[in-house]
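**Q** Before anything else, here's the structure in question.
Each value in this text was obtained by applying a stated rule to the coordinates, not by laboratory testing. Just so it is clear, the model here is predicted, and its values are computed rather than measured. Please note: Cβ atoms are built from the backbone with ideal geometry, for glycine as well, and neighbour counts cover all protein chains shown.
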Ligand code: HEM
């Protein structure tokens, strides 16, 4: 058992900001899902808002002192018709970035569990 909470193990505010930057970049390079994200390169202001929500979502969901003010998962992904392969591609990106940031396997497993638990709120909504 580790004694620090998930938020701290993800590196707190700074660590999570860096994770989100790299996860979004990874999505933009992933052939399976990049078409969904590349348009945001042309709209940096919107991208910054979405990244802010991603940071807060991860921070709040991991026990950090942050309130998530973005949309609910079904609202944010409604009409995108995200399929299983795309969902798995996004999770692969997340786990790859956590690994490259030196996040330990147990912590990666916890994030994976959270990501799986959200599947029904994000896929085909
Ligand atoms: C573990 C899975 C996922 C989580 C936790 C997640 C979380 C989020 C969050 C918190 C936002 C911000 C919502 C807001 O700004 O109000 C968001 C936006 C977005 N997500 Fe996801 N997401 C996941 C999977 C996916 C997948 C698989 C795709 C597509 C392949 C996707 C595409 C998008 C897009 C395009 C946006 C921006 C929507 C906009 O323009 O405002 N997400 N996601």
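**Q** For segment 63-70, check the following and say yes or no: at least one residue is within 8 Å of the ligand (Cβ to nearest atom), touching a residue at least 12 places away in the same chain (Cβ under 8 Å) and over 30 Å from residue 4 (Cα atoms).
**A** The answer is no; no qualifying residue exists.
**Q** Now for a different question. Would you mention how many residues in segment 97-125 are loosely packed, with under 15 Cβ neighbours inside 10 Å, within 17 Å of residue 33 (Cα to Cα) and more than 12 Å from the ligand (Cβ to nearest atom)?
**A** The qualifying residues number 0.
**Q** Residue 90 versus (1) out of contact with any helix residue (DSSP H, G or I) (no Cβ under 9 Å at 6 or more places or on another chain); (2) within 9 Å of the ligand (Cβ to nearest atom): which is the lone unmet condition?
**A** Of the numbered conditions (1) out of contact with any helix residue (DSSP H, G or I) (no Cβ under 9 Å at 6 or more places or on another chain); (2) within 9 Å of the ligand (Cβ to nearest atom), the odd one out for residue 90 is (1).
**Q** How many residues, within segment 79-91, are touching a residue at least 40 places away in the same chain (Cβ under 8 Å) and surrounded by 14 or more Cβ atoms within 10 Å (Cβ to Cβ)?
**A** 4
Residue by residue, here is whether (1) without any contact (Cβ under 8 Å) to a residue 40 or more places away in the chain; (2) within 21 Å of residue 117 (Cβ to Cβ); (3) within 8 Å of the ligand (Cβ to nearest atom) holds:
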{"position": "7", "(1), (2), (3)": "no, yes, no"}
{"position": "12", "(1), (2), (3)": "no, no, no"}
{"position": "15", "(1), (2), (3)": "no, no, no"}
{"position": "20", "(1), (2), (3)": "yes, yes, no"}
{"position": "25", "(1), (2), (3)": "yes, no, no"}
{"position": "28", "(1), (2), (3)": "yes, no, no"}
{"position": "35", "(1), (2), (3)": "yes, no, no"}
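**Q** Kindly indicate whether residue 59 is buried (at least 16 other Cβ atoms within 10 Å of the Cβ) and either part of a helix (DSSP H, G or I) or within 9 Å of the ligand (Cβ to nearest atom) (or both). Outline the logic, then answer.
**A** Details: buried (at least 16 other Cβ atoms within 10 Å of the Cβ): yes; either part of a helix (DSSP H, G or I) or within 9 Å of the ligand (Cβ to nearest atom) (or both): yes.
So residue 59 passes the test.
**Q** Oh, and also: Just to be sure, is residue 10 out of contact with any strand residue (DSSP E or B) (no Cβ under 7 Å at 6 or more places or on another chain) and buried (at least 17 other Cβ atoms within 10 Å of the Cβ)?
**A** Taking the combined requirement at face value, the residue satisfies it.
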